[in-house]
Amino acid sequence: MPNTDPFDFDRQVDRHGTYCTQWDYVADRFGHADLLPFTISDMDIETAPCIRQTLAKRLEHGVFGYSRWNHDDFKGAVTGWFARRYGARLDPESLVYGPSVIYIIAQLVSLWSKPGEGVLVHTPAYDAFGNMLSANDRVLLPCPLIKGEGSYHIDWACFERQAARPDCRILLLCSPHNPTGRVWTRDELGRMADICQRHGVRVISDDIHMDMSFSPYLPWSEVALDDGWALVSSGSKSFNIPALGGAYAFIPNEGARADYLRQLKAAHGLSSPPILGVLAHISAYREGDVWLDALKAYLHGNLALVAARLNAAFPAIDYRVPEGTYLAWIDLNGLGIDSAERMDALQRLLVEKYRVAIMRGDTYGPEGRGFIRLNVGCSRHKVEQGLAALIGALTELVAK
């Protein structure tokens, strides 16, 4: 049956030969070049038509000189998106630009803490958090999430204990959470806000996956009890535009905002953004609602397919569709894949025999032992290929 949707997400785009990290450089991590990748969190899906049309028009102009982000079009598009989609009234004057989410976070960590001090993080965690903190001589203070009944919960005793440490300066929150896919509730966010305020802990909320929430997403601004926070995000994940560059943050404290802008402009000379990234964000946030809603429905279908196929083959996995992200976080401990050695054996089968690349869970810390992270931001046909390979490799390994 032909695809009658207004957007054809089933269309497979060949990304080979485009300097694509996920496809052209898969050998960097997996040792083989000819693998079907389900790895880093970008999508194999074309970005929204409104963005492509905006960029095509700008390319016709033919001049690409220095540009600005600090204007009403960019700020209005971003704040309008938060107001329309999430009911959050954010001050456009608190909005700043950055070349990437992790860059903005790194600058705020450097400004809001000293070398050797601690940053509280829910684990397992996006691996760039640990790498960034280590490179900046900060200490990651883990708060391992508790897995139960197919979802994850916060260990509140651990959270308060870590926040109360005299060296804890910052909560680095991932909202929604990568890799588990949790979308924090208002009660959870409010409880974190209360604990952080009582212990003088500032909050940096990385909300880059916010638009891929299948449960209601709430920005940190809606629970914040003071102005000691920053909400950092980008359209790069939801609209598949990371190569265009560009991110932003809401920093409500005027002094903290000035400190950040001093780093951006004077220390690092990054005040002129890539114009295509700025225009892509404006277009996405003004015109991209319908496309994004259709994409979310499609990707939720991909995740549902993962759950149906895996659980039919291996009921012990009991995989549940996450509350957010297009990343399937799959627990294989119930199949006896509960050690680095067993994961090594699975990876050898996946790579050498089945020719697929899937991220191993311990990439995201020791709490990810026995897990894999499967990126389903792609056509359903590709997801089916990946599932067939994964089920085949698991069948062989479990039978041994």
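What are the residue pairs meeting all of these: first residue in region 60-74, first residue in contact (Cβ under 8 Å) with a residue 24 or more places away in the chain, second residue part of a helix (DSSP H, G or I) and surrounded by 10 or more Cβ atoms within 10 Å (Cβ to Cβ), Cβ atoms under 7 Å, and 6 or more apart or on different chains?
As it stands, the answer is Phe64/Ile275; Ser67/Ile275; Ser67/Val278; Trp69/Val278; Asp73/Ile282; Phe74/Val278; Phe74/His281; Phe74/Ile282, since those pairs meet every condition given.
Among the residues of region 237-253, write down those that are closer than 14 Å to Pro273 by Cα and of a type in the set (Ser, Thr, Tyr). Working first, answer last.
Initial filter on region 237-253 (closer than 14 Å to Pro273 by Cα): 242-248.
Scanning region 237-253 gives a single hit, Tyr248.
Are any of the residues in region 250-261 under 17 Å from Met43 (Cβ atoms) and not acidic (Asp, Glu)? Steps first, answer last, please.
Of region 250-261, the ones under 17 Å from Met43 (Cβ atoms) are none.
No; the residues of region 250-261 include none that is under 17 Å from Met43 (Cβ atoms) and not acidic (Asp, Glu).
So in region 231-260, with the set limited to residues that are over 30 Å from Arg52 (Cα atoms) and not in a loop (DSSP other than H, G, I, E, B), which one is most open to solvent (accessible area, probe 1.4 Å)?
My answer is Glu254.
Just wondering, is there one or more residues in region 18-41 that are part of a loop (DSSP other than H, G, I, E, B), out of contact with any strand residue (DSSP E or B) (no Cβ under 9 Å at 6 or more places or on another chain) and at positive phi?
For region 18-41, residues part of a loop (DSSP other than H, G, I, E, B), out of contact with any strand residue (DSSP E or B) (no Cβ under 9 Å at 6 or more places or on another chain) and at positive phi: present.
Quick check on Leu276: is it in contact (Cβ under 8 Å) with a residue 24 or more places away in the chain, farther than 30 Å from Thr185 by Cα, in a helix (DSSP H, G or I) and open to solvent by 30 Å² or more (accessible area, probe 1.4 Å)? Explain how you work it out, then say what you get.
Working: in contact (Cβ under 8 Å) with a residue 24 or more places away in the chain: yes; farther than 30 Å from Thr185 by Cα: yes; in a helix (DSSP H, G or I): yes; open to solvent by 30 Å² or more (accessible area, probe 1.4 Å): yes.
So Leu276 passes the test.
I'd like the residue in region 284-294 that is part of a helix (DSSP H, G or I) and touching a Gly at 6+ places or on another chain (Cβ under 9 Å) and, out of all such residues, is surrounded by the most Cβ atoms within 10 Å (Cβ to Cβ). Break it down stepwise before answering.
Of all residues in region 284-294, those part of a helix (DSSP H, G or I) come to 284-287, 289-294.
From the residues that got through so far, the ones that are touching a Gly at 6+ places or on another chain (Cβ under 9 Å) too are 284-286.
On the way: Ala284: 27, Tyr285: 23, Arg286: 16.
Out of the qualifying residues, it is Ala284.
Would you pick out the residues in region 1-55 that are under 19 Å from the mean Cα position of the chain (by Cα), of a type in the set (Ser, Thr, Tyr) and open to solvent by 40 Å² or more (accessible area, probe 1.4 Å)?
Passing the criteria: only Thr21.
Could you list, in sequence order, all residues of region 56-112 that are β-branched (Val, Ile, Thr) and surrounded by 12 or more Cβ atoms within 10 Å (Cβ to Cβ)? Talk me through it step by step, then tell me what you get.
Here is the first cut: in region 56-112, the residues β-branched (Val, Ile, Thr) are 63, 78-79, 96, 101-102, 104-105, 109.
Correct list: Val78, Thr79, Val96, Val101, Ile102, Ile104, Ile105, Val109.
Which of the residues that make up region 152-186 are open to solvent by 30 Å² or more (accessible area, probe 1.4 Å) and closer than 26 Å to Leu303 by Cα?
The initial filter retains those residues of region 152-186 that are open to solvent by 30 Å² or more (accessible area, probe 1.4 Å), namely 153, 155-157, 160-161, 164-167, 169, 185-186.
Those that are open to solvent by 30 Å² or more (accessible area, probe 1.4 Å) and closer than 26 Å to Leu303 by Cα: His153, Thr185, Arg186.
Give me a count of the residues in region 55-104 that are touching a helix residue (DSSP H, G or I) at 6+ places or on another chain (Cβ under 7 Å) and part of a helix (DSSP H, G or I). It would help to see each step written out before you state the result.
First, the residues of region 55-104 that are touching a helix residue (DSSP H, G or I) at 6+ places or on another chain (Cβ under 7 Å): 55, 58, 64, 67, 69, 73-81, 88-90, 92, 94-96, 98, 102.
From what's left, part of a helix (DSSP H, G or I): 55, 58, 73-81, 92, 94, 102.
Count: 14.
The values are calculated or read from the model by the stated rules, or taken from the named source; none is laboratory data. Every value quoted in this text rests on a predicted model; they were computed, and no experiment measured them. As a convention, Cβ positions derive from the backbone with ideal geometry for all residues, glycine included, and neighbour counts pool all protein chains shown. To get the accessible areas, we keep the full protein, side chains included, count just its heavy atoms, and leave off ligands, DNA and RNA. Shrake-Rupley method; radii C 1.70, N 1.55, O 1.52, S 1.80 Å.
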